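Below: one structure, written as structure tokens.
Laboratory data are not the source of any read-out in this text; all were calculated from the coordinates shown. Since the structure is predicted, the reported quantities are computational estimates derived from the model, not experimental observations. Every residue, glycine among them, receives a Cβ derived from its backbone with ideal geometry; neighbour counts consider all protein chains shown.
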Amino acid sequence: MSVKSGIHFIAIGVIHSHWMLPNGQPVSNSASFSIITSLNDIGNYTCIATNTFTGLTRTANKTLMIYAPLSKPTILTSNNTAVETKDFSLTCNATGQIHAYKWFINGVAPAGLRIQLSPDRRTLTLSSLTRSVNKGPYVCEIENPFYRNRSDPFTLDVAYGPDIATIVHSPNEYPPGANITLSCVADSNPAAQFSWLHNGQPVSNSATFSIIASLSDAGTYTCTASNSFTGLTRTATKNIIIYAPLSKPTIVTSNITAVETKDFSLTCQATGQIHAYQWFINGVAPAGSRIQLSPDKRTLTVSRLTRRDNKGPYECEIRNPFFSNRSHPFTLDVAYGPDIATIDNISDQFATGINVTLSCVADSNPPAQFTWLQNGQSVSNSASFSIITSLNDIGNYTCIATNSFTGLTRTANKTLMIYAPLSKPTILTSNNTAVETKDFSMTCNAMGQIHTYLWFLNGLAPGGNRIQLSPDRRTLTIRSLTRFDNKGPYVCEIENPLFRNRSDPFPLNVTYGPDIATIVHSADEYPPGANITLSCVADSNPAAQFTWLHNGQPVSKSATFSIIASLSDAGTYTCTASNSFTGLTRTATKNIIIYVPLSKPTIITSNNTAVETKDFSMTCSATGQIHAYRWFINGLAPVGSRIQLSPDKRILTLRRLTRRENKGPYVCEIENPLFRNRSDPFPLNVTYGPDIATIVHSANEYPTGANITLSCVADSNPAAQFTWLQNGQRISNSATFSVIASLSDAGTYTCTASNLFTGLTRTATKNITIYAPLSKPTIVTSNNTAVETKDFSLTCQATGQIHAYRWFINGLAPSGSRIQLSPDKKILTIGNLTRRENKGPYVCEIENPLFRNRSDPFTLDVACE
């Protein structure tokens, strides 16, 4: 509250009142009074109210605080200079009734781990100052409940640096006479002071200085930047080199002669400030695994010289950052060879009387010298010579080429063969008869200079793993002869490189069989009286002989025979086919069965009664030649996990019978390959239940004199028997019975439904309550007199079957924190009675599900205390 505000004090609803100061001095005897505020009015004011009739006294207190305007605060700093990375404090300096201090940085409340406030928030401390984050501006604000004031903005000038010193915009290398300018920079507040050293000696105290380059100016230049406010110093260093021109280099070799496949080195000879050596071969930088350079690249070594790749020309170049120079080109004369000696392309075989010339060549530097040998004997010292062929000229010819510079010798060989014409060959066999699956050999018989034997089968070279040739291919052997593949004709041929001749064709007659014997065009099953014809075939060369057996006894010696079927003709028939040339015998067997018609099957059950949820089995009973049993349910094959068949499918078992799914009808069928028959349909009467017992169409509560009818139902096959109990005592054996309600009929009624076939029993229960009319309740009070401000209780007094109590005040349900009901709502209690709100009238009501009644209205006379 400001100093000049006016205050009006009021005490409400009392008979006598007066006001007092904290020191007990009265200031007013009326319910209200006023003052013009000043700082002297600060304090606690007490209002005292009294009632002489009731003898009661009540007091009320209020504390007043008076505030004056606040003067503008100022910001004081902890140090004269704010230095980066150091801590720095600002204090908000002010006087007056100050309740709180606030700070603002750039208009926002300070935040962050590096900003700390004193407990009274008067002093703000910045930890580890930074130039960019902490320059402000900063403002402090003071306030109380009525006034606030802010300081002028305070901007922080943070001293920092110098940062990293850097020498800028100058290279490291110069030629003599060049202008060298060195400049040093370092970010700093205030600006840094600079000094320069050359090889440790002072040369300048400015940030930039220049010189004209000479060899004496080479060396290390150091720039030093400092800041007296932060106490920091930074340095930067640059090495400068001065280069002079280079003289022409020369190439020096390691050997007088360069020999192919040998190593050869070239060295670049030069003087001066040489930073790098570089080589060029054919004007291009050298590359490849066979060219190696010394660590300083001065010497180039060529490994395993070649005539084409390594003749050059070679040049070496020297250089430094400003100058370079090259040697004169150097060409390498590589001695090589002789290379592979080669005899000119002529044939190796000749007929007698032919003129043959032999020539030898071999690439070499210098050219090679040649010598010829025949079977090791010298025949010529020139590169070429000639002969007229005869059988004496057969043999090996060798050409020798040599080079005295490289020390190498190369040789080439050629073998000459002289041939005469060949006579016709003939074919000789190993056996008189060729039998299928046996081996058979043929030999090509001939004389002369035979190099190769060739065989032809049907005009083609033989192939396949069953045909084998002797190592010299003179004999052809056929493994496991076959009638189709090996009948020929066969031809043998002999040849040498110049001549060939063939035998006459030779066809082969292969005996075979009998093959697999087969009984054809007849069934395995017949009815009595049918015509049975049995025929046997087997491929054979020559044709096979046949024999028939019935159950081991001979019945025929021809390939085919017939009979009229009777039960005695059933059994095993065996056909035997034989060939005397091959010695082979083959048999075929057929089992013949004679079937008679089947009689009608019947269905036999496992139990007299089919009970729901129990297993039930049916057996298909029949006699005769039965091959298979089948079942049908409602005309369809049985399916589902609850239906199981015995391994022979004669017995069908139903798991966990159900009334709807398993009533059928069921049919079983028997069959053999020629006949079948079915049983009569068999319907299944499934006994079940009783299902859940249910008491239907009746209430749970009745008034006395009402007609009560109880009915019980439960689905069952056959129909269920019923029994009724009241409170455990039997009262009826029918499904439905009736009574006229009296209080003695209340209680628990139980219906029991049972089925003698299934052995099941189900029960249903109903609780019935009988109600009589309720008498009028009365209101009983806890005290004779109801006194204002005291508690007062009213009780609803009644007898009978009471389920609930209700209260009404002025016709409405009671509400409010001063009205409480007992847990059973029988008792209503009014807390702190008042004359106006609690006089009523009050009514209580009692009820049960069928009847209710109300008390007479009750009005409360509240006495003042």
Pairs of Cα atoms under 8 Å, at least six residues apart: use those to get the relative contact order of the range 250-335, whole percent.
36 percent
Cut-off under 27 Å on the C-alpha distance; same-chain residues fewer than 8 positions from K311 excluded. Which lysines are left, in chain and number order?
K248, K262, K297
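Given R₀ = 35 Å, what would the calculated FRET efficiency be for T342 paired with E173, taking r from the Cβ atoms and rounding to 0.05? Could the numbers behind the result be given before it?
Numbers: r = 60 Å, r/R0 = 1.72.
Between T342 and E173 the formula returns 0.05.
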Hz values of 3J(HN,Hα) by residue in the range 352-368 - Karplus curve (6.51, -1.76, 1.60), Gly and Pro given as x:
4, x, 9, 7, 10, 10, 10, 10, 10, 10, 7, 5, 7, 10, x, x, 7
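Quickly rank 251-259, 839-847, 598-606 as a protection proxy: mean count of other C-beta atoms within 10 Å, highest first.
Ranked from most to least packed, the peptides come out as 839-847, 598-606, 251-259.
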The chain: relative contact order from alpha carbon pairs under 8 Å, six or more residues apart, as a whole percent, is 4 percent
When only C-alpha pairs under 8 Å and at least 6 residues apart count, what is the relative contact order of the range 69-144, in percent?
39 percent
14 Å beta-carbon shell around V185, net charge (K/R +1, D/E -1)
0
Less than 20 Å from a label point 7 Å out along the Cα-to-Cβ axis of I604: which backbone N atoms in the range 646-681 qualify, by residue?
646-654, 666-671, 677-681
Any residue on another chain or 5+ positions along whose placed amide H is under 5 Å from the amide H of T582 is listed here as none
List, largest first, the extents of the alpha carbons of the range 74-159 along their principal axes, each in whole Å.
39, 23, 20
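How big is the dipole moment of the range 252-350 about its Cα centre under a simple scheme where the beta carbon of each Lys and Arg is +1, that of each Asp and Glu is -1, and everything else is neutral? Debye, nearest 20, please.
480 debye
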When the distances between all Cα atoms of the range 394-495 are binned every 10 Å from zero, what whole-number percent does each bin get?
12, 33, 19, 12, 11, 8, 4, 1
State log₁₀ I(q)/I(0) for the chain at q = 0.06, 0.07, 0.08, 0.09 Å⁻¹ as given by the Debye formula over alpha-carbon point scatterers of equal weight, solvent excluded.
-0.92, -0.99, -1.13, -1.25
Integer Hz, Karplus 6.51/-1.76/1.60 couplings in order for the range 829-836, x for Gly and Pro
10, 9, x, 6, 3, 10, 5, 7
With the dipole of the chain worked out from charges on the C-beta (+1 for Lys and Arg, -1 for Asp and Glu) around the Cα centre, which of N727, I427, S617 lies farthest toward the positive end?
N727
Of V356, Y314, A165, farthest towards positive along the dipole that unit charges on Lys, Arg, Asp, Glu beta carbons give the chain:
A165
Whole-angstrom gap from the range 285-345 to the range 120-157, using each part's C-alpha centre
80 Å
Work out how much length N205 to T415 would gain on full extension: take 0.36 nm times their residue separation and subtract the Cα-Cα distance, in nm to one decimal.
65.9 nm
For each cysteine in the chain, check whether another cysteine's C-beta sits under 4.7 Å from its C-beta; list those where none does.
C47, C864
Vicinal HN-Hα couplings computed from phi for the range 691-707 (Karplus, 6.51 cos²θ - 1.76 cosθ + 1.60; Hz; Gly/Pro x)
6, 4, 6, 9, 8, 10, 6, 8, 7, 9, 9, 9, x, 4, x, 6, 8
Take the cross-link list K86/K135; K86/K238; K557/K590 and give me the ones stretching past 23 Å between alpha-carbons.
K86/K238
Just to be sure I understand: of the beta bridges DSSP finds with both ends in the chain, what percent are antiparallel, rounded to 5?
90 percent
Using the alpha carbon gyration tensor of the range 694-771, what are the three equivalent-ellipsoid semi-axes (square root of 5 times each eigenvalue), largest first, in whole Å?
25, 11, 9
Place a +1 charge on the Cβ of each Lys and Arg in the chain and a -1 charge on the Cβ of each Asp and Glu, then give the dipole magnitude about the Cα centre in debye, rounded to the nearest 20.
1540 debye
Note down the net charge around S127, summing +1 for each Lys or Arg and -1 for each Asp or Glu among other residues with Cβ under 11 Å from its Cβ.
+1
Quick one: grab Rg to one decimal and Dmax as a whole number for the range 427-477, Cα atoms only, in Å.
11.7, 36
